[in-house]
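The values are calculated or read from the model by the stated rules, or taken from the named source; none is laboratory data. Owing to the predicted nature of the structure, the values given are computational and were not obtained by experimental measurement. FYI the Cβ positions are ideal-geometry reconstructions off the backbone, even for glycines, and counts take in every protein chain you see.
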């Protein structure tokens with residue numbers, strides 16, 4: 001298994017839109033349309049960068065031109081590469097990161113940005129005992 005990652009740079013809105021416009025030229029029509037539906041620009045960037053990362057990886061590994069790579073979807077919704085039935089990949093993105101795992105067998109990867117949480121929300125959903133137990137736990141850093 002190989003893992004590839006891209007760390008996003010923080011951009012202002014104008015530069016973020018410019019990068020999105022440039023990335024659209026490297027992805028499928030479907031991915032382009034999906035990116036346009038996002039409410040937040042950062043989500044569009046991460047989605048587009050994910051597909052570009054997979055395309056670049058395939059190009060580097062198999063010398064397949066990026067514009068000839070065709071993605072299809074299996075019955076379960078998992079994307080596959082039409083030309084490479086033994087190429088398996090999985091993408092994840094969160095916060096400033098886009099990651100991709102590739103292998104010759106089914107593979108998965110998941111990342112999640114760690115953010116501070118407001119434990120007061122637990123008071124609405126937990127019993128009084130559960131909430132007190134939660135508050136008594138040591139804070140991890």
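I'd like to verify a number: residues in the stretch 86-100 that are free of Cβ contacts under 8 Å to residues at least 60 places away in the same chain and either in contact with a strand residue (DSSP E or B) (Cβ under 9 Å, 6 or more places away or on another chain) or surrounded by 15 or more Cβ atoms within 10 Å (Cβ to Cβ) (or both), how many? So the count comes out to 7. Within the stretch 59-79, the residues that satisfy the criterion of being over 16 Å from residue 29 (Cα atoms) and surrounded by 12 or more Cβ atoms within 10 Å (Cβ to Cβ) are 59, 61, 62, 64, 78.
Here's a check for you: in the stretch 59-77, which residue that is part of a helix (DSSP H, G or I) and under 21 Å from residue 6 (Cβ atoms) is farthest from the chain's Cα centre (by Cα)? Don't jump to the end; show me each part of the working.
Filtering the stretch 59-77 down to residues part of a helix (DSSP H, G or I) leaves 59-62, 66-68.
Then keep just the ones that are under 21 Å from residue 6 (Cβ atoms); that gives 59-62, 66-67.
Details: 59: 19, 60: 20, 61: 21, 62: 23, 66: 19, 67: 21 Å.
My answer is 62.
Here residue 40 meets the list (1) without any contact (Cβ under 8 Å) to a residue 40 or more places away in the chain; (2) under 16 Å from the mean Cα position of the chain (by Cα); (3) surrounded by 14 or more Cβ atoms within 10 Å (Cβ to Cβ) almost entirely, failing just condition (3). Scanning the stretch 1-29 for residues that are free of Cβ contacts under 8 Å to residues at least 12 places away in the same chain and assigned to a helix (DSSP H, G or I), which turns out farthest from residue 69 (Cα to Cα)? Step by step, filter the stretch 1-29, then rank; the result is 14. Taking the conditions exactly as written (at pLDDT 95 or above and either under 22 Å from residue 105 (Cα atoms) or part of a helix (DSSP H, G or I) (or both)), does residue 80 satisfy them or not? Spelling it out, it is not the case that residue 80 is at pLDDT 95 or above and either under 22 Å from residue 105 (Cα atoms) or part of a helix (DSSP H, G or I) (or both).
The sole residue among 103, 129 that is at pLDDT 90 or above and either surrounded by 10 or more Cβ atoms within 10 Å (Cβ to Cβ) or under 27 Å from the mean Cα position of the chain (by Cα) (or both) is 103. Just one of the listed residues (83, 56, 19) is over 30 Å from residue 115 (Cα atoms), surrounded by 11 or more Cβ atoms within 10 Å (Cβ to Cβ) and within 17 Å of the chain's Cα centre (by Cα), namely 56. When residue 47 is tested against (1) over 16 Å from the mean Cα position of the chain (by Cα); (2) assigned to a helix (DSSP H, G or I), only condition (1) is not met.
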